[in-house]
Each structure stands twice: as C-alpha cells, then as structure tokens.
Amino acid sequence: FDFCQAEGKKRPSENLGQVLFGERIEPSPYRFTFNKEETCKPVCTKTYDTKKPEDKQKLDFLKKSMLLNYQHHWIVDNMPVTWCYDVEDGQRFCNPGFPIGCYITEDGRPKDACVINSEFHEKDTFYIFNHVDIKIYYHIVENGALGARLVAAKLEPKSYKHTHPENPDCSGVPMDISNKANGEVKIAYTYSVTFHEEKKIRWASRWDYILESMPHTHIQWFSIMNSLVIVLFLSGMVAMIMLRTLHKDIARYNQMDSTEDAQEEFGWKLVHGDIFRPPRKGMLLSVFLGSGTQILIMTFVTLFFACLGFLSPANRGALMTCAVVLWVLLGTPAGYVAARFYKSFGGEKWKTNVLLTSFLCPGIVFADFFIMNLILWGEGSSAAIPFGTLVAILALWFCISVPLTFIGAYFGFKKNAIEHPVRTNQIPRQIPEQSFYTKPLPGIIMGGILPFGCIFIQLFFILNSIWSHQMYYMFGFLFLVFIILVITCSEATILLCYFHLCAEDYHWQWRSFLTSGFTAVYFLIYAIHYFFSKLQITGTASTILYFGYTMIMVLIFFLFTG
C-alpha cells in the first residue's frame, strides 16, 4: 500500500499457527518512548505524480483499498490497538483495526467510516486517515520497583491536509483525494501519542475489552438453548424406542409357553443372520473411521485446552499450532481404529490399510493446501507459506505421524477381531421393497439436518472470525456446541439405523457413517450462501482460495461427524 516503512528493523518471528493462517508481523516506523508524549510528529511524506504511470498505479491501489474498507491492524506490546466509536443505543464498539480511509459517493453519500466526521462532504472523493491520535493506558505495579505495564492502546484516526509536511500542525481541512484529481498529490503521515494512568484495569485482565465490545452473547445463549431442545427431543425419541421395543419383546417372550412359537420372528430380528455381513468397500470405511477418530480426539483436546484459557487470542496462532501438533501425535489411535475395523470386516490386505490410513485423508488435505499455496505464491501474497515451512509440515507428517499410525495399526491387527454375537448366514437374505423414508438416500439427507441445526449459529461466528478477521474467543460456547453435536450425530444415526433395520435392510455400516456425515454437505451449502451474501470477494484467485479452504474444512468435518 506504500505506507511508511521502518528502516532496518528485523521482522518478528511467527509460530507455525500464524504462518499457516497467513499472519505476518511487520516492524513499524512509529516510535514511542514510555511517558514521552508527542504531538503531531511527522513519520514520512509520500508524493504521487499522477502523470507518472507507476505513481498513478500506487494511488489507484490506495483508492481501491479505501473503497473496499481495508483495515490497518496494529500491535503495541502484543495488544491490538483498538478504535472505539459510538454506535446506536449509547453503546461503544471497539474494533481491533481501523480503516485506511473512506469514500464519499458521487451523490454525496458517506460510505463506511466517512460517517464519523461532518467535514467529509466533497462528492466523489476519498479521505485518507493519515494522522492517528494514540492513547496508551498503563498500570503502575504496586511495588514500584517493577515499574509500569501497558494495559490498553486506543487510537482515533484523523485526516489532515498538512500545509507544511516537514513542520505539521495537525489542524485545518481533511486530506482529500478527488477521484478525478490530476497533478501532484502529497500525503504526509503523522501521529500524536499520549500516556494515561489507568488504575482499574489489571495487567492480567487487559484482554477483557474484547468482551465489552462484542454484543453477540445473547444470540449464543439462544443458539445453545435451540441446540439443547433438539438434543432433548432426540434423546427422548431414542429412549422411547429402546424402552418400547425392548419392553414389547420381553413381554412377548414371557407369554410364550412352547418353543415352536419362538420360531416366528419379526422386524429387526429377521436380519440377525446378515447384520454382521462385511460392508462393500470395507477398506475405505475403515480408513475413514480411523481418520475420523483422529480428528475427533484432536478437536476435543484442542477445545478443552482453549476452554481452560491456554489458547487465548493473546497467544497469536496458538490454536492452529496446537491443532496441528495434536493431529500429528494422534496417528496411533487412527491406525488402531482402522486396523480393528478392517480386521473385523474380514479384510486381509493390512499393508494397504495402514498406508491408506496414513496417506489418503491427510494427502487430500495437503494437496488442496499446496494448490492454494501455489495460487497465493503466484499472486505474490504475503500469506503464501515459505518453502521451509512446507518442508517442516511434510517432515511432521512423514517422520512422526506415519510411524505412529504404523504402531497403532500393529496393535490393532495383533488383537483378535471383534467377536460377533451371531453367526453370519452363508446366503445373503433378500431385502424387501423399501418405503420412501427407509431408502438409503432420503434417510441420509434427513440425518444431516438435525446436527446442522445445532451448529449453524456458531458456524456464522467461526466463518466471520476466519474471513472477516474478527476475534473468536467463545470457546466455552464452542465446547458446549461440540458436545451437543457429538450427541446429536450419534442419536440421529441410532434412530435412522433402527428404522431401516425394522424395514429389514441390513446394510447399516456405510449408512450410519453417511447419515451424520451428510451434515458436512449442509455445511458446504451454508458456506456457499455465506460467500454470496456476506463477503464482497471479487477476482478468480480469491474465489478459488475461499472454496479451496472451505473444501478442507468440509472434508475434516465430514470425517469428524461420520
């Protein structure tokens, strides 16, 4: 964007999670000394001559960024610098970034941030925020030897057309860039900084300002109540079916006096000779189950740690780092589960099974990720992952995850296959004509709706935090929703499985995996809706990136729910 650059300062290093999420921290040309107040200090002056093509290109790029409401994100002492402004109902909203500038349309309507100042009134004009008033709040530690600690940093973006850039006075008319301007445009960047003692905020609770400015918690409670109602309804159904069925069966057996009556069976008992027939494509199912277990445990542990506050937004990138490391270390349960199921399906090719478990799902995710990275790299984006990090991720996968999967699979194959309580008949039984709602496809489509109903409000906040750079800190809610989701998926599947077993259709293995796995398809549809309704994304590369990353999330979610 051609803002002021810091001379000769080293870039801070980032951790794995930040690198993967494309967060890069750059050094700043704004220099502060503690308790030394500055007023209207110049940083640098940029001059654009619109007759020169490269200058015009830079200025046009700056205009485009103001039109699309791009934001600065600044950090002081690991704290985001926030811009607080009044919204309706007398509430204050604090934004962890502030806009580059704003635009007044041709018919004189102010867009985005231009509403904050009545001096912004020229039509078809851009106003750039080239001056910031920074207020730094500190807390003096009780035993004075330790000095003071910064507890908050706030700023007010301002726009001034400095008449003497080398000796600015920060007053007068705003810095306007007319859309049709020709000739020379000079933008002088300045700042003022003041220090205030803040006795109320402790250093430990300096992140609480995020909570004040986020008015969404009542929606969260509403969504949790909504999800709990679904769970209670499903649990009631499952309990009723189990009780009713078992009660009826036991009563019927008690009435029998002679053995010949016991030969007449009904409903789901008719399929007892076929219920443990190995499914078609048993290899693939066992691999999916292994990978799904890996993701399930990873999600549970990550969210549990996040709830305890280990992965707060203060440790940037900690969440992603934790998830990746856990996923790598959880190769053993994946190999074990896949091997156990594959063996119980009567499979013989154990080498193929282990290799598929360690390479199929991670391979798809990695390939997708690699293609996305190539696009970012081709676009010259700062979010492109350096080659060294890619090698590091591959090393984690091949040198730690794969051997652990092999160890898990070894133990899984060594154990005896899961014992089935009934023998499987030699000849497969014929499946009678099914009614509409016990056919495979309608059952699977119905199964995904309930779990999706539990999560879709949370999904909105998660997508916002990924694509709109809002802080996500509601891990308590997310953990609750996670538990509710697990229960809902299991119960919806048990219910639908019971219905089609009663209809004497004994192909239950794939159907039970896909019934709750279909939630991922609804997730995909929601992500497409979000793309068109909430995001103003233009350009092919950006669209491909959005859907590429969405597909990774959908695959992980499919394995997890299944």
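The values are calculated or read from the model by the stated rules, or taken from the named source; none is laboratory data. On a predicted model such as this, the values are computed, not experimentally measured, just so you know. Counting neighbours? That spans all protein chains shown, and the Cβs are built from the backbone with ideal geometry, glycine included. Calculation scope for accessible area: heavy atoms of the full protein, side chains included, ligands and nucleic acids excluded. Shrake-Rupley method; radii C 1.70, N 1.55, O 1.52, S 1.80 Å.
Just a few scattered comments:
- Accessible surface, per residue, of the range 31-210 when the full set of protein chains is kept, probe 1.4 Å, Å²: 56 Å²
- Residues in the range 288-305 reached by a label modelled at Leu360 [backbone nitrogen below 17 Å; 7 Å Cα→Cβ]: 288-296
- Compactness of the range 31-210, expressed as Rg and Dmax over alpha-carbon positions, Å: 18.3, 61
- Normalised contact order of the range 282-416, rounded percent, pairs of Cα under 8 Å and 6 or more residues apart: 38 percent
- Projected-area mean, the range 282-416, by convex hull of Cα positions, square nanometres: 9.2 nm²
- Alpha-carbon centroid distance for the pair the range 288-351 / the range 453-468, whole angstrom: 22 Å
- Put simply, when 323-329, 89-95 are sorted by average Cβ atoms within 10 angstrom per residue, most first, you get 323-329, 89-95.
- Cα-only Debye scattering, the chain: base-10 log of I(q)/I(0) at q = 0.11 Å⁻¹: -1.12
- Residues of the range 282-416: accessible area per residue with a 1.4 Å probe, Å²: 47 Å²
- Stokes-Einstein diffusion coefficient of the range 320-367, Kirkwood radius over Cα pairs, 20 °C, 1.002 mPa s, in µm²/s: 183 µm²/s
- Once the C-beta distance of Asn226 and Lys52 is scaled by a Förster radius of 56 Å, the resulting FRET efficiency is 0.45 to the nearest 0.05.
- Efficiency of FRET between Lys64 and Asp89 - r from beta-carbon atoms, R0 25 angstrom, step 0.05: 0.15
- Within the chain, helix-based [θ] at 222 nm, where runs of 4 or more DSSP H residues each add -39,500 (n - 2.57), nearest 500: -16500 deg cm²/dmol
- The orientation-averaged projection of the convex hull spanning the C-alpha atoms of the range 26-75 amounts to 5.2 square nanometres.
- Taking packing as the residue-averaged number of other Cβ atoms within 10 angstrom, the listed peptides 504-513, 313-322, 331-340 run from highest to lowest as 331-340, 504-513, 313-322.
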